[in-house]
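Chemist: Take a look at the following structure, please.
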Amino acid sequence: MPVTVILGTQWGDEGKGKIVDLLTDKYKYQIVARYQGGANAGHTIVINGKKTILHLIPSGILHNNTVCVIGNGVVIDPVALMEEIKMLENEGIQITGRLFISHKAHLIMPYHKLLDSISESTSKSAIGTTGRGIGPSYIDKFSRVGIRIVDLLDRKTFEEKLRFNVQEKNKILKNLYHSQELNIEEIIEQYLHFDELIDPYIKDTSSYLNQSLQEGFNILAEGAQGAMLDVDHGTYPFVTSSNPTVGGACTGLGIPPTAINRIVGVAKAYTTRVGNGPFPTEQDNEVGEKIRKAGDEFGATTGRPRRCGWLDLVALKYSVMINGISELAMTKIDVLNNFDKIKVCTEYNLGGKEIKAFPVDMYSLNNLSCNYVEMEGWNELPDFIQSEKDLPENLLDYIDFIEKNIKIPVKIVSTGADRDKTLIRSL
Ligand code: GDP
Ligand code: IMO
Ligand code: MG
């Protein structure tokens, strides 16, 4: 059986964790695999009111029979990973034998986190990163000096690579940032023991995934961040340093594109963004404040308040196009309950000209305005939604309007954080 990809269609935090957890069980995926990003992600799962936030470990981990894979495209901070494993084990979740990490994945080292925070604090146009060392780690990967999980297994190579990297980073710290240099011996001592800790999880995960496909297993590929944060297709340079878009699932897991047969996009019923950069439908006013409050829009990783705005169909259509999304999961619909009127952006306007395609340049993105269609709110939702018939008429109109615009069905309707607050529509 083939691969389903679940990815974010906006600027991250769309509710991917909830949807991955839900579909893992519903369609009995045997394997859930994360394909890019790192501990910049925060994926929340709520079961009977109990919240679990995952940063690196795939969101299928709460299902005992599911194997979780961290693919080669992910950058792994071993400190964050071990903390997450411990957090889950303390909750009684079995990890050994259920979690496999690609031997090709790159490591995030202390100097990556340090360089991330220094470059952000000294830059005139900060990205507003999560400070988790993501960009600097991917820079090393593409500069071909990165340290990989496999290097941990050979102490001599690991130490050599680490010494080289720390020396190089110290030059940058001293000469560029006039900052304190790092102590090589301390880092070596701190990191050498990760070989034993990570050893039980290391695997040739691309071979494992391809073998599993041949044996007829179902695989769910879990994206982090969102298409609009993609380093190639997002609002560059205000993006993350990886490819959350669908191609990232192939390169980040080592699986062929022909194995993918279902691509589920996750979108909030409105839009949020955390960090800096263009956000056409942002409501930096009482509307945005109301959404933030109702949606509890604070980052799952950094706790930062998320910027909030109306649904942007220009961006969503673009996301559907570049990812080949076949169906949408729409989350946080309940957050719009208290709005009498709900706006949806259908096109942009730049200097009196209508723009229907998402622009890539900062000038356009910073100077455009949005044309909105105003729709009637639904004011409240029934406590139990079991079928289509339980959805208020105005909500069905809202969904219908979106579907007509983006030309794909909204198959999943999420009306609360909890796993059971979800309607899977039989379309
Ligand atoms: P992810 O990064 O895409 O997995 O999303 P996050 O976990 O960062 O942010 C989504 C937030 O919305 C989390 O707090 C979820 O528990 C919550 N959430 C998900 N779906 C819904 C929903 O339908 N309604 C409400 N009110 N909250 C939701
Ligand atoms: P999940 O998977 C929302 C944002 C940061 C910043 C930019 C670059 O939970 O949806 P980085 O640390 O990656 O170099 O930061 O990307 N960002 C996210 N925003 N959700 C995320 O992950 C994010 N991961 C990174 O806020 O604007
Ligand atoms: Mg998140």
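Chemist: Just for the stretch 295-341: of the residues that are among the β-branched types (V, I, T) and over 17 Å from the mean Cα position of the chain (by Cα), which one is surrounded by the most Cβ atoms within 10 Å (Cβ to Cβ)? Talk me through it step by step, then tell me what you get.
Modeler: Step one: list which residues in the stretch 295-341 are among the β-branched types (V, I, T), which gives 301-302, 314, 320, 322, 325, 331, 333, 335.
Subsequent filtering for residues that are over 17 Å from the mean Cα position of the chain (by Cα) retains 314, 333, 335.
On the way: V314: 22, I333: 24, V335: 22.
If we take residues in the stretch 295-341 being among the β-branched types (V, I, T) and over 17 Å from the mean Cα position of the chain (by Cα), then I333 is surrounded by the most Cβ atoms within 10 Å (Cβ to Cβ).
Chemist: What is the number of the single condition among (1) surrounded by fewer than 24 Cβ atoms within 10 Å (Cβ to Cβ); (2) within 18 Å of the chain's Cα centre (by Cα) that L56 does not meet?
Modeler: The number of the failed condition is (1).
Chemist: Of everything in the stretch 1-42, what is assigned to a loop (DSSP other than H, G, I, E, B) and either among the β-branched types (V, I, T) or within 13 Å of ligand 3 (Cβ to nearest atom) (or both)? Give them in sequence order.
Modeler: Looking only at the stretch 1-42, we keep the residues that are assigned to a loop (DSSP other than H, G, I, E, B), and these are 1-2, 9-15, 27-30, 35-36, 38-42.
T9, Q10, W11, G12, D13, E14, G15, G38, A39, N40, A41, G42, listed by residue number.
Chemist: Counting only residues that are assigned to a loop (DSSP other than H, G, I, E, B) and in contact with a Gly (Cβ under 7 Å, 6 or more places away or on another chain), which one in the stretch 255-289 is surrounded by the fewest Cβ atoms within 10 Å (Cβ to Cβ)? Write out each step before concluding.
Modeler: First pass over the stretch 255-289, keeping only residues assigned to a loop (DSSP other than H, G, I, E, B): 255-256, 269-270, 274-281, 283-285.
So of that shortlist, the ones also in contact with a Gly (Cβ under 7 Å, 6 or more places away or on another chain) come out as 270, 274-276, 279, 281, 283.
On the way: Y270: 28, V274: 22, G275: 23, N276: 16, F279: 23, T281: 22, Q283: 19.
Across the stretch 255-289, the extreme among qualifying residues is N276.
Chemist: Quick one: which residue in V74, V69, V46 is more than 16 Å from ligand 3 (Cβ to nearest atom) and among the β-branched types (V, I, T)?
Modeler: On the way: V74 fails: more than 16 Å from ligand 3 (Cβ to nearest atom); V46 fails: more than 16 Å from ligand 3 (Cβ to nearest atom).
Exactly one residue qualifies, and that residue is V69.
Chemist: For P237, state whether it is within 12 Å of ligand 2 (Cβ to nearest atom) and either in a loop (DSSP other than H, G, I, E, B) or not charged (D, E, K, R) (or both). Walk me through it before giving the result.
Modeler: On the way: within 12 Å of ligand 2 (Cβ to nearest atom): yes; either in a loop (DSSP other than H, G, I, E, B) or not charged (D, E, K, R) (or both): yes.
Answer is yes for this residue.
Every read-out reported here was derived from the displayed coordinates using simple, explicitly stated rules and does not represent laboratory data. On a predicted model such as this, the values are computed, not experimentally measured, just so you know. Neighbour counts are summed over all protein chains in view; Cβ atoms, including those assigned to glycine, are modelled from backbone coordinates with ideal geometry.
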